[in-house]
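Right, one structure below, let's go through it.
The values are calculated or read from the model by the stated rules, or taken from the named source; none is laboratory data. Fair warning: this is a prediction, and the values are worked out from it, not measured in the lab. Here the Cβ positions follow ideal geometry from the backbone for every residue, glycine too, while neighbour counts run over all protein chains shown.
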Amino acid sequence: MKNINNSKLKIIPLGGLEQIGMNITAFQFEDSIIVVDCGLSFPEDDMLGIDLVIPDVTFLKDNIDKVKGFIITHGHEDHIGALPYVLKEINIPIYTTKLTMGIIENKLKEHNLVKSTRRKVIKHGQSINLGAFRIEFIKTNHSIADASALAIYSPAGTVVHTGDFKVDYTPVFGDTIDLQRFGEIGKKGVLALMCDSTNAERPGFTMSEKSVGKTFDNIFAENKNSRIIVATFASNVDRVQQIINSAYKFGRKVVVEGRSMVSIIGIASELGYINIPDKTLIDIEQLKNYPDEQTVLITTGSQGESMAALSRMAAHIHKKVTIKPGDTVIFSSNPIPGNEKAVSKVINELSRTGANVIFQDTHVSGHACQEEIKLIYSLVRPKYAIPVHGEFRHLKAHAEVAKSIGIPKENIFIMQSGDVLELGEETAEVTGKVPTGTILVDGLGVGDVGNIVLRDRQHLAEDGILIVVLTLEKYSNQVLAGPDIVSRGFVYVRESEGLMDEARQVVSDALDSCLNKNISDWGKIKNTVKDSLSDYLWKKTKRNPMILPIIMEV
């Protein structure tokens with residue numbers, strides 16, 4: 001496809017750079033826009049009370065007549081989680097592979113979007129035409145089955161997007177990554193490669209998922225007399241398959257516990273991505289009918305999430321299962337950056353109940369290390385390198401890997417969310433910015449909590465609140481009642497009576513000075529009360545609580 005009229009291909013990441021999560025990238029050629037992935041990320045520690053973070057898709061809304069569809073690489077939350085929220089604003093078709101679509105449809109059901117969303121299941125090796133683009137799905141390996149890389153053909157040239165991937169020559173389910181196809185596309189000439197950077201800091205190769213199966217066999221052999229509980233990611237269907245294989249080998253029954261785990265394993269077995277021998281799975285209600293040494297629990301909560309099944313079992317608040325001395329608990333995952341504290345807290349709780357906790361060697365990553373990244377580069381041979389999927393340090397490490405195999409420094413683009421990279425056959429440059437950002441989801445509210453509300457929440461969390469209540473007589477502005485001061489999260493009132501009495505006096509004095517000057521504007525009165533109380537409390541306690549004056553009129 002030679003580019004006749006010299007238009008440029010624009011690559012516009014709307015999220016997923018500078019962080020792990022919230023992956024979403026737009027590709028634009030003239031009047032055609034396609035969107036790859038639509039993920040969410042989880043809140044940072046300072047986002048108090050926020051449940052999820054989704055990308056701001058203003059750019060897509062403003063260009064909705066050009067947007068042709070979502071192309072989804074695989075079924076992890078950081079690639080599909082924002083779909084139900086974004087589809088309510090921009091209703092465009094979804095194209096992806098069978099298992100990924102099964103997981104997405106489950107989400108759409110929860111949000112009543114199944115009927116209104118157009119969907120098409122694509123097989124690996126197939127292509128779809130959307131506007132000026134042709135998109136080919138290429139088989140890759142990852143920690144969830146049916147992951148795809150994409151070859152995006154445009155009149156300006158071909159871009160290869162790896163999605164999340166690793167090279168696994170002995171996958172648990174299905175075929176190995178289609179390296180031959182990467183090579184064939186590379187031979188025809190590739191303008192740019194957008195490649196996963198999650199493990200770009202790690203040298204060597206990522207171990208095969210099968211190696212975990214051997215470890216499980218060994219652990220099962222060593223713990224023949226105890227109940228075994230394995231915590232892992234709900235979406236890692238191959239991991240669950242291997243745990244079931246080991247359980248079957250050692251004659252144990254398996255219980256799957258945790259809402260997300262139950263739903264994904266249900267979808268995977270319905271679509272034929274997991275093989276469970278007959279009579280191996282039992283319902284959690286039947287656990288008590290079997291001795292401990294004949295059972296295995298597979299559960300969510302490997303990241304220390306306080307509401308997930310494992311944390312509830314550890315804290316004795318799970319309705320059906322309590323961890324007891326002698327249980328063997330296996331963490332089949334690594335802590336996601338930022339979750340280390342939560343994970344070690346749960347490990348401590350489990351150990352305290354007398355359980356034997358194992359967290360070594362029972363996990364392999366789903367992402368490529370440096371040697372696999374080099375392999376993809378040597379097959380695809382791109383002109384330009386655009387590291388994606390990672391925090392800045394991962395993208396930087398990836399850029400070094402690309403340099404080491406001969407890609408010139410000026411052809412490597414570490415982009416930021418919102419950058420518009422224009423690619424032509426001879427040139428590539430960042431030419432502008434589009435609006436991007438994060439939208440916070442709290443309960444059912446999408447975007448109604450912004451920076452100001454968060455700032456208030458932080459303020460309340462750090463310093464508490466004082467409410468000053470007083471009653472004024474209508475017309476004459478005489479103080480009829482109060483001022484009373486109610487304190488929440490500031491000091492324990494019973495032990496600080498002196499402080500509270502003085503604070504009340506400070507408010508009274510401020511009020512008197514206002515009324516003596518015949519100030520009747522409530523706004524001014526409130527500000528005067530606020531300022532004088534705030535100064536007094538800062539002098540006395542070096543704290544700045546939020547102060548809310550409430551004036552009533554009788």
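Residues being farther than 22 Å from E222 by Cβ and buried (at least 19 other Cβ atoms within 10 Å of the Cβ): count how many of those fall in the range 324-345.
1
Given the structure, is V240 within 21 Å of V343 (Cβ to Cβ) and without any contact (Cβ under 8 Å) to a residue 60 or more places away in the chain?
For V240, the condition - within 21 Å of V343 (Cβ to Cβ) and without any contact (Cβ under 8 Å) to a residue 60 or more places away in the chain - is met.
Being among the charged types (D, E, K, R) and more than 29 Å from N23 (Cβ to Cβ) is the filter; apply it to the range 427-473 and report the residue that is nearest to the chain's Cα centre (by Cα).
Among residues in the range 427-473 that are among the charged types (D, E, K, R) and more than 29 Å from N23 (Cβ to Cβ), the one nearest to the chain's Cα centre (by Cα) is D456.
Can you find a residue in the range 232-250 that is closer than 25 Å to K166 by Cβ, acidic (D, E) and touching an Asp or Glu at 6+ places or on another chain (Cβ under 8 Å)?
yes
Given the conditions (1) farther than 13 Å from H389 by Cα; (2) touching a Ser or Thr at 6+ places or on another chain (Cβ under 6 Å); (3) of a type outside the set (V, I, T), and given that G15 satisfies all but one, which numbered condition is not satisfied?
(1)
Quick one: which of S306, S378 is surrounded by fewer than 15 Cβ atoms within 10 Å (Cβ to Cβ), at pLDDT 90 or above and closer than 30 Å to G390 by Cα?
S378
Give, as residue ranges, the strands (runs of 3 or more DSSP E) completely inside the range 144-236 that count at least 3 residues that are closer than 22 Å to V255 by Cα. Please lay out each step first, then the result.
Details: elements: 148-154, 157-161, 190-196, 228-231.
Answer list for the range 144-236: 228-231.
Could you run through the range 343-356 and say how many residues are of a type outside the set (D, E), over 24 Å from Q294 (Cα atoms) and touching a helix residue (DSSP H, G or I) at 6+ places or on another chain (Cβ under 8 Å)?
Of the residues in that region, 1 qualify.
Among (1) more than 26 Å from S148 (Cβ to Cβ); (2) touching a Phe, Trp or Tyr at 6+ places or on another chain (Cβ under 9 Å), which single condition is E372 missing?
Among (1) more than 26 Å from S148 (Cβ to Cβ); (2) touching a Phe, Trp or Tyr at 6+ places or on another chain (Cβ under 9 Å), E372 violates only (1).
Looking only at helices (runs of 4 or more DSSP H) that fall completely inside the range 7-122, which ones have 3 or more residues that are within 15 Å of the chain's Cα centre (by Cα) and not small (G, A, S)?
77-80, 83-87
Can you report the number of residues in the range 438-474 which are surrounded by fewer than 15 Cβ atoms within 10 Å (Cβ to Cβ) and in a loop (DSSP other than H, G, I, E, B)?
7
Anything in the range 523-550 that is basic (K, R) and assigned to a helix (DSSP H, G or I)? List them, or say none.
Applying the first criterion (basic (K, R)) to the range 523-550 yields 524, 526, 530, 539-540, 542-543.
Within the range 523-550, K524, K526, K530, K539, K540 qualify.
Any residue at all in the range 97-107 that's over 30 Å from G445 (Cβ atoms) and in contact with a helix residue (DSSP H, G or I) (Cβ under 8 Å, 6 or more places away or on another chain)? Give the steps one after another, and end with the answer.
First, the residues of the range 97-107 that are over 30 Å from G445 (Cβ atoms): 97-99.
So of that shortlist, the ones also in contact with a helix residue (DSSP H, G or I) (Cβ under 8 Å, 6 or more places away or on another chain) come out as 99.
Yes; the residues of the range 97-107 include at least one that is over 30 Å from G445 (Cβ atoms) and in contact with a helix residue (DSSP H, G or I) (Cβ under 8 Å, 6 or more places away or on another chain).
Being free of Cβ contacts under 8 Å to residues at least 24 places away in the same chain and among the basic types (K, R) narrows it down to one of K210, K214, so name that one.
After ruling out the rest, the residue left standing is K214.
Among (1) over 30 Å from A399 (Cβ atoms); (2) modelled with pLDDT of 80 or more; (3) charged (D, E, K, R), there is one condition E422 misses while meeting the rest; what is its number?
It fails just one condition, (1).
Could you tell me whether the range 248-259 includes any residue that is modelled with pLDDT of 95 or more, surrounded by fewer than 21 Cβ atoms within 10 Å (Cβ to Cβ), out of contact with any strand residue (DSSP E or B) (no Cβ under 9 Å at 6 or more places or on another chain) and on the phi < 0 side of the Ramachandran plot?
Within the range 248-259, one or more residues are modelled with pLDDT of 95 or more, surrounded by fewer than 21 Cβ atoms within 10 Å (Cβ to Cβ), out of contact with any strand residue (DSSP E or B) (no Cβ under 9 Å at 6 or more places or on another chain) and on the phi < 0 side of the Ramachandran plot.
Residues being closer than 28 Å to R134 by Cβ, at pLDDT below 95 and of a type in the set (S, T, Y): count how many of those fall in the range 9-64.
1
Please go through the range 425-436 and pick out each residue that is assigned to a loop (DSSP other than H, G, I, E, B) and surrounded by 14 or more Cβ atoms within 10 Å (Cβ to Cβ).
Start the filter on the range 425-436 by keeping residues that are assigned to a loop (DSSP other than H, G, I, E, B), which leaves 425-427, 434-436.
Hits for the range 425-436 are E425, V434, T436.
Quick check on the range 331-342. Is at least one of its residues of a type in the set (A, V, I, L, M), under 18 Å from I229 (Cβ atoms) and touching a helix residue (DSSP H, G or I) at 6+ places or on another chain (Cβ under 8 Å)?
Looking for residues that are of a type in the set (A, V, I, L, M), under 18 Å from I229 (Cβ atoms) and touching a helix residue (DSSP H, G or I) at 6+ places or on another chain (Cβ under 8 Å), one finds none in the range 331-342, hence no.
For the structure I just gave you, tell me whether V321 is among the aliphatic types (A, V, I, L, M), crowded, with 17+ Cβ neighbours inside 10 Å and under 25 Å from the mean Cα position of the chain (by Cα).
When the stated conditions are applied, V321 does not pass them.
Out of V35, V57, report the one residue that is aliphatic (A, V, I, L, M), touching a residue at least 40 places away in the same chain (Cβ under 8 Å) and touching a helix residue (DSSP H, G or I) at 6+ places or on another chain (Cβ under 6 Å).
Working: V35 fails: touching a helix residue (DSSP H, G or I) at 6+ places or on another chain (Cβ under 6 Å).
Answer to the selection: V57.
Considering the range 382-424 alone, what residues qualify as being surrounded by 22 or more Cβ atoms within 10 Å (Cβ to Cβ) and assigned to a loop (DSSP other than H, G, I, E, B)?
Residues satisfying the conditions are H389, S417.
Within the range 483-501, identify whether any single residue is basic (K, R), without any contact (Cβ under 8 Å) to a residue 12 or more places away in the chain and part of a helix (DSSP H, G or I), and answer yes or no.
If we filter the range 483-501 for residues that are basic (K, R), which is where we start, we get 488, 494.
Next, from what is left, pick out any that are without any contact (Cβ under 8 Å) to a residue 12 or more places away in the chain: 494.
Those left that are additionally part of a helix (DSSP H, G or I): 494.
Yes, the range 483-501 has at least one match.
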